[in-house]
């Protein structure tokens, strides 16, 4: 019985690992293939099954004039837009979440919960509904096809996530901790910065992770709100497609585009395994 | 430096949390706020600390309007019933926090923190994380943090209520030691509790609070001996004082077919609707006594609490022994009637064995 349990346990672990890792390995091998190796039947092992070449990767850094699709600039654009928008969203979102969690707001029938819901409702709307207003708004302030415009839009999209996660988190931090800080001589700002914030790092990390993921993977708004001046990675990757689907360069671009998220995941995972996320607040 | 409050009222919803609370606390004294849960004790302490602003009324400290001073400048200290510490700091940093906030020299901070650790018996724990400590130790840390500030007003909000029995006894003794050593002669110590025993042991000036109102103020002994009303008698006894509806005539107290000879301090009362109050410890088992039926018998520590019934009258008897009873057993009890209180129908004290309030 015990043996069966152990067997099943490892079976599922291995199964799941293969399920998760296999697509990456496949993309990795494919990225080194050329037309012939891709279309010549199923092959796995380089040098044995097929002759690897770097064409798929070279395309990504070659300028369009030389027949490539240069993704270096869009890559850094994407990094810049995602990080900036996430950072601003976390700062603003954390502050508003703290206010919503600790202070009572009332404007007619609108109360704290309604304001929190208003933030979340921004994410409930299908993006297509927002696309036209965003387009018109950005064009009216001349920020279409610009990094600043994209950052503004992403803040609108990401801040609700930050608010949502942080309100929930602050609600779980006992109010008495703030009160004790006040009694111990902190003014409200110091209480927030010295006591509440250091105890909210796990929440900040989770919120930051979500912001970065959602910002990084967005295709829709990047596609609609930019044309030629500024391009983000997801849009550029689509531009790789031509009459012949270039599986090798698509695979390579998939790998480089997923890399930042994997790095983020590893950092957060290390943090999680220290147990800091769960035990910070009793 | 006195802490004086006039007619404090606080009504955040449709119920008063504080109603016309006035007091005059003098420095160097211990005040106990006794009341059941939700009686407004925490609200009162938070109002004194400045965490809540009353709807009306005034608080003056040292002749200054206290309500105009924000919390962080009031120089108060507070210990909560939950063990509140800063989870991201270790024991030393927790206790040093209020001092660092005042930008005191590091060497003085070290000295003071060590002193505070010593006085709460946590020397050697300074590098521990808060989460590694037991509940009692956590509460000691927050006590140390409130002691280290030399605050003029020290507020303790049911500091022992979340601890288990043994720790509670131990910590209560330490509290008494700390308090009697005299924190500082200028400190006003305000201690809130639901436990009458704690009140008696601390033996300070007692403020009995119920539904936000002050019911009685006086030394612990006075509250115990002469509760001015039924409510106070209930609040200041654990288990609550037994209340028996009875009639007094011809020198006899009559209820449920029982006649007991009225003691001297009760035999002149003839009003209708009198209620006789008798502590559960003033009733004893006796072969020749009156028969009651057991509704429930609970053993707590070395005590047995018997919930008894006869007709419509229900009483609780505490016996300093562990005894086994079954439900519906018949027991015979005797009343130490010379220890009985009498209350008028409106709840006011009519007569007490220690001499009534009205002489």
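Segment B:222-359 has equivalent-ellipsoid semi-axes of 25, 17, 12 Å, by the square roots of 5 times the alpha carbon gyration tensor eigenvalues, sorted largest first. Normalised size of the protein assembly as shown, defined as Cα radius of gyration per 2.2 N^0.38 Å with N residues, equals 1.40. For peptide B:254-266, the mean count of partner chain Cβ atoms within 10 Å of a residue's Cβ comes to 0.
Using 0.36 nm per residue and subtracting the Cα-Cα separation, the extra length available between residue B:299 and residue B:123 on full extension is 59.6 nm.
Model label sites at residue A:223 and residue B:222, defined 7 Å from Cα along the beta-carbon direction, differ in position by 8.2 nm. Note on B:97-103: average number of Cβ atoms from other chains within 10 Å of each residue's Cβ is 4. Just to verify a number: FRET efficiency for residue A:48 and residue A:16, C-beta to C-beta distance, R0 = 35 Å, to 0.05? For R0 = 35 Å, the calculated efficiency reads 0.80.
Spin-label pair residue B:185-residue A:28: with each label point 7 Å from Cα along the Cα-Cβ axis, the two points sit 7.9 nm from one another.
Find how many whole Å separate the alpha carbon centroid of segment B:138-191 from the alpha carbon centroid of segment A:54-114. Between the Cα centre of segment A:54-114 and that of segment B:138-191, the gap is 50 Å.
The modelled label-to-label distance between residue B:247 and residue B:271, using points 7 Å beyond Cα along the C-beta direction, is 1.8 nm.
Of A:83, A:211, the sequence from fewest to most neighbouring Cβ atoms within 10 angstrom is A:83, A:211. The stretch between residue A:87 and residue A:65 holds 4.3 nm of extra length on full extension. This uses 0.36 nm per residue minus the Cα-Cα distance. Going by neighbour counts of Cβ atoms within 10 Å, the residues B:187, B:37 line up, fewest first, as B:37, B:187.
Centre-to-centre separation between the Cα atoms of segment A:174-205 and those of segment B:233-282: 54 Å. Enter the angle in degrees (range 0 to 90, nearest 10) between the Cα long axis of helix A:127-140 and the first principal axis of the Cα atoms of chain A, meaning the one along which they spread out most. Relative to chain A, helix A:127-140 is tipped by roughly 80 degrees. Each of the peptides B:307-313, B:163-169 was scored by the mean count of other Cβ atoms within 10 Å over its residues; in descending order, highest first, they stand as B:307-313, B:163-169. In this calculation the C-beta distance from residue A:110 to residue B:211 is compared with R0 = 41 Å, giving a FRET efficiency of 0.80.
At an R0 of 45 angstrom, the distance between the Cβ atoms of residue A:103 and residue B:6 translates into a FRET efficiency of 0.95.
The Cα atoms of chain B cover 76, 45, 38 Å along the three principal axes, with the biggest extent listed first. Compared with the dominant Cα axis of chain A, that is its longest principal axis, helix A:2-31 is turned about 70°. Dividing the convex hull volume of the alpha carbon atoms of chain A by its residue count gives 209 Å³ per residue. Summary of packing: across the peptides A:189-197, B:274-282, the per-residue average of other C-beta atoms within 10 Å ranks them, highest first, as B:274-282, A:189-197. Derived from the Cα gyration tensor, the three semi-axes of the equivalent ellipsoid of segment A:72-239 are 34, 18, 12 Å, largest first. Helix A:147-172 axis versus longest C-alpha principal axis of chain A: approximately 50°, rounded to the nearest ten. Remark: segment A:22-171 is approximated by an ellipsoid whose semi-axes, taken from the C-alpha gyration tensor as √(5λ), come to 45, 21, 14 Å, largest first. Its DSSP H runs of at least 4 residues, each contributing -39,500 (n - 2.57), put the calculated 222 nm mean residue ellipticity of chain A at -23000 deg cm²/dmol, to the nearest 500. Antiparallel versus total DSSP beta bridges in chain B: what percent is that, nearest 5? Bridges in chain B that DSSP calls antiparallel: roughly 75 percent.
FYI, it's all coordinate maths here, none of it is from the lab. This one's a predicted model, so the numbers in the text were calculated from it and none came from an experiment. Here the Cβ is made from the backbone with ideal geometry for all residues, glycine too, and neighbour counts use every protein chain on show.
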